[in-house]
Amino acid sequence: MNVVITGGNRGIGLALAKQYQQQGAKVYATCRNSCDELNSTGINVIQGVDVSRPDTLGEQLALLSNINIDVLINNAGVLGKESIDDWDPNTIDYQFRVNALGPLLVTQLLLPRLSSGSKVALITSRMGSMTDNGSGNYYGYRMSKAALNAAGVSLANDLKPKGIAVGLFHPGFVQTEMVGGAGDIDTTTCAERLVERISELNIESSGQFVHSNGEILPW
């Protein structure tokens, strides 16, 4: 099984890469810059992949043009902490480019490498849920993840005739650098749950918004 993971150099992406490698998959981890921990695993690393740069992304992903992809995990993401009184349009724009547009572009560019039975996983967030938003703030992150959710449902509809399933997965509150080490679960537990959810993903469940613990989330 060939698995491609964006943002595979740290946090959830790195934990996913390790988990799939342990299961015997051939893993391709893409990232802007690799790290010693990733390099030491023997996983195939593709550096220089910046999902926020549509002008260069095609060239960067060309190294994957000779493989058939069974699982594509769009994991790369960024988090801003805007409030109504303190926000920067530039940081919000960047979150949209990485969190929403990036996964769509990656999927489009790698679509020729996907076939019937392939799966596309979008690592989104329940912070993109309208129903679940009871605290406000985090404007760029919330809006970009809501946009990713909209893109994910469209992808599920568009790729269903090709036999390609699309899953939208909230990882949980995970102890990563992005949130300063706070969180309810570690990256290993998160990766184990996500791998299980992705294994369960099929055409019938394509387009659902799912917590890594299996709970169906509200839009």
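Condition check: closer than 14 Å to VAL4 by Cα and either in a helix (DSSP H, G or I) or β-branched (Val, Ile, Thr) (or both). Does GLN95 satisfy that? Even if it seems obvious, please write down each step before you answer.
Values: closer than 14 Å to VAL4 by Cα: no; either in a helix (DSSP H, G or I) or β-branched (Val, Ile, Thr) (or both): yes.
Answer is no for this residue.
Condition first: outside any loop (DSSP other than H, G, I, E, B), touching a residue at least 40 places away in the same chain (Cβ under 8 Å) and surrounded by fewer than 18 Cβ atoms within 10 Å (Cβ to Cβ). Now tell me which residues in the stretch 61-91 satisfy that.
Taking the stretch 61-91 as the starting set, the residues that turn out to be outside any loop (DSSP other than H, G, I, E, B) are 61-64, 71-74, 83, 86, 89-91.
Then drop every residue that is not touching a residue at least 40 places away in the same chain (Cβ under 8 Å), which leaves 61, 64, 71-74, 83, 91.
SER83, THR91 - these are the residues of the stretch 61-91 that are outside any loop (DSSP other than H, G, I, E, B), touching a residue at least 40 places away in the same chain (Cβ under 8 Å) and surrounded by fewer than 18 Cβ atoms within 10 Å (Cβ to Cβ).
Here are ASP50, ASP36: which of them is acidic (Asp, Glu), at pLDDT below 95 and over 19 Å from VAL195 (Cα atoms)? It would help to see each step written out before you state the result.
Values: ASP50 fails: at pLDDT below 95.
Result: ASP36 is the single residue among ASP50, ASP36 that is acidic (Asp, Glu), at pLDDT below 95 and over 19 Å from VAL195 (Cα atoms).
Under 9 Å between Cβ atoms, which residue pairs at least 6 apart in sequence (or on different chains) link something in the stretch 26-47 that is part of a helix (DSSP H, G or I) with a partner that is surrounded by 13 or more Cβ atoms within 10 Å (Cβ to Cβ) and of a type in the set (A, V, I, L, M, F, W, C)?
GLU37/LEU14; LEU38/LEU14; LEU38/ALA17; LEU38/ALA29; LEU38/CYS31; LEU38/VAL45; ASN39/VAL45
Give the residue, chosen from ALA191, ALA150, that is in contact (Cβ under 8 Å) with a residue 60 or more places away in the chain, assigned to a helix (DSSP H, G or I) and among the small types (Gly, Ala, Ser).
ALA191
Residue check, GLU177 against (1) in contact with a helix residue (DSSP H, G or I) (Cβ under 8 Å, 6 or more places away or on another chain); (2) at pLDDT 95 or above; (3) farther than 20 Å from VAL195 by Cα; (4) not hydroxyl-bearing (Ser, Thr, Tyr), all met but one. Which one?
Here GLU177 clears every test but (2).
Tell me which of these VAL51 doesn't satisfy, since it passes every other one: (1) in a loop (DSSP other than H, G, I, E, B); (2) closer than 28 Å to GLU204 by Cα; (3) of a type in the set (Val, Ile, Thr).
Here VAL51 clears every test but (2).
Considering every residue within the stretch 158-169, establish whether at least one is part of a helix (DSSP H, G or I) and touching a residue at least 60 places away in the same chain (Cβ under 8 Å).
At the first step, the residues of the stretch 158-169 found to be part of a helix (DSSP H, G or I) are 158-162.
Within this subset, residues satisfying the condition of being touching a residue at least 60 places away in the same chain (Cβ under 8 Å) are none.
There is no residue in the stretch 158-169 that is part of a helix (DSSP H, G or I) and touching a residue at least 60 places away in the same chain (Cβ under 8 Å).
Would you mind stating whether ASP50 is out of contact with any strand residue (DSSP E or B) (no Cβ under 7 Å at 6 or more places or on another chain) and not hydroxyl-bearing (Ser, Thr, Tyr)? Let's see the steps before the verdict.
Working: out of contact with any strand residue (DSSP E or B) (no Cβ under 7 Å at 6 or more places or on another chain): yes; not hydroxyl-bearing (Ser, Thr, Tyr): yes.
So ASP50 passes the test.
Go through ILE216, ILE203 for me and flag whichever is in contact with a strand residue (DSSP E or B) (Cβ under 7 Å, 6 or more places away or on another chain), under 27 Å from GLN21 (Cα atoms) and among the β-branched types (Val, Ile, Thr).
Working: ILE216 fails: under 27 Å from GLN21 (Cα atoms).
Of the residues listed, the single one that is in contact with a strand residue (DSSP E or B) (Cβ under 7 Å, 6 or more places away or on another chain), under 27 Å from GLN21 (Cα atoms) and among the β-branched types (Val, Ile, Thr) is ILE203.
The values are calculated or read from the model by the stated rules, or taken from the named source; none is laboratory data. Given the structure is predicted, the values throughout are model-derived calculations rather than measurements. Here Cβ is always computed from backbone atoms with ideal geometry, including for glycine, and neighbour counts include all displayed protein chains.
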